[in-house]
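Throughout, read-outs are computed from the coordinates displayed, never taken from laboratory work. Predicted model only: the values in this text are computed from it and were never measured. Cβ placement follows ideal geometry from the backbone for every residue including glycine, while neighbour counts extend to all protein chains displayed.
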Amino acid sequence: MTKIEACIFDLDGVIVDTARYHYLAWREMAAELGFNFTIEDNERLKGVSRMRSLEIMLEVGGITLDEAHKLELAERKNRDYLSYIEKMTPNEILPGVIDFLNSVRSKGIKTAIGSASKNTPMILDKLQLTSYFDAIIDGNKVSEAKPNPEVFLKGAYELGVSPSNCIVFEDAAAGVEAALRGGMKCVGIGQPENLPGANLVVPGFDHFTLEMLHKV
């Protein structure tokens, strides 16, 4: 049995559902560009960087732009997204998350965030969750996007824990792959068909216990 010394959590879709705010911002931009961007299209954006998300959105619309225009759109999308998350409250933390964080921390298990989002510090502040994590690795600290394991390996390093003693919590296939490539176990949050390779898949943290974690 793996000795669990740390839990590393993706943010969007694991701790809080900011995906809907990303979707609203991308959908508004697509409408301005003259095409419809659906919920199904949005699934392709999970776990990837902002610029790659923009490229996928443009691919859906069959639109080609130069780099300068793409950078301008990416920044504008982020401003639209920020206008949504600035209104977030602790009520938006997903069910069971606080209880699980308290449970693992009470047993001396370290905790970290490993997210591609450059807005992670603001979101954690709005949710009043910053103090629950011993390390916060976000898009400002990494150069490689998932499925590259950089974000999780940096989390393990900052926690002073071997990757083999870390368990990652992810809701995206790219994140699961990143965890496994980093030599870590992974608990998928969502549906099994969307999270191939995860060591365990659960719908969420509601009713998820520390005892279940030791079975991963």
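How high is the relative contact order of the chain? Use alpha-carbon pairs under 8 Å, at least six apart in sequence, and give a whole percent.
Values: 358 pairs, mean separation 55.9, N = 216.
Rounded, it is 26 percent for the chain.
Enter the Cα centre distance for the pair segment 69-117 and segment 149-216, rounded to the nearest angstrom.
17 Å
Which shape class applies to segment 167-212: rounded if a/c is under 1.5, otherwise prolate when a/b exceeds b/c and oblate if not, where a ≥ b ≥ c are the square roots of the Cα gyration tensor eigenvalues? Walk me through the numbers on the way to the answer.
On the way: a/c = 2.37, a/b = 1.36, b/c = 1.74.
Oblate is the answer for segment 167-212, as a/c is 1.5 or above yet b/c matches or exceeds a/b.
Of Val60, Val187, Val168, which is the most mobile in a GNM of the chain whose springs link Cα atoms less than 10 angstrom apart?
Its mean-square fluctuation being the largest, the pick is Val60.
Could you tell me which of rounded, prolate or oblate describes segment 88-216, using a ≥ b ≥ c as the square roots of the eigenvalues of the alpha-carbon gyration tensor, with rounded for a/c under 1.5 and, failing that, prolate when a/b is larger than b/c and oblate otherwise? Intermediate values should be presented prior to the final figure.
On the way: a/c = 1.25, a/b = 1.03, b/c = 1.21.
Because its axes are fairly even, with a/c under 1.5, segment 88-216 counts as rounded.
Select from Glu32, Glu158, Glu86 the residue whose mean-square fluctuation is largest in a Gaussian network model of the chain (Cα-Cα springs shorter than 10 Å).
Greatest mean-square fluctuation among the candidates belongs to Glu32.
Identify all lysines with a Cα-Cα distance to Lys77 below 25 Å; exclude those on the same chain that are fewer than 8 residues away in sequence.
Here the lysines satisfying the reach criterion relative to Lys77 are Lys46, Lys87, Lys118, Lys126, Lys141, Lys146.
So if I place +1 on the C-beta of Lys and Arg and -1 on the C-beta of Asp and Glu, and nothing else carries charge, what would the dipole magnitude of segment 147-188 be about its Cα centre? I want it in debye, nearest 20. The partial results should precede the final answer.
Values: 3 positive and 5 negative charges, 28 e Å.
It works out to roughly 140 debye.
Check Ile113: other-chain or 5+ apart residues with amide H under 5 Å from its amide H, H built from backbone geometry?
Those qualifying (amide H under 5 Å, at least 5 residues apart or on another chain) are Phe9, Ala135, Ile136, Ile137.
What is segment 1-112 by shape, rounded, prolate or oblate, if you read a ≥ b ≥ c off the alpha carbon gyration tensor as root eigenvalues and call it rounded for a/c under 1.5, prolate for a/b larger than b/c, and oblate otherwise?
In terms of gyration-tensor shape, prolate.
Taking the Cα centre of segment 54-185 as origin, work out the dipole magnitude from +1 charges on Lys and Arg Cβ and -1 charges on Asp and Glu Cβ, in debye rounded to 20.
Result for segment 54-185 is approximately 500 debye, rounded to the nearest 20.
What is the set of long-range amide H partners of Lys185 at a cut-off below 5 Å, with H atoms built 1.01 Å from backbone N?
Sorted by chain and number, the residues that satisfy this are Cys166, Val168.
How many percent of all Cα-Cα pairs in the chain sit more than 24 Å apart?
Roughly 41 percent, once rounded to a whole number.
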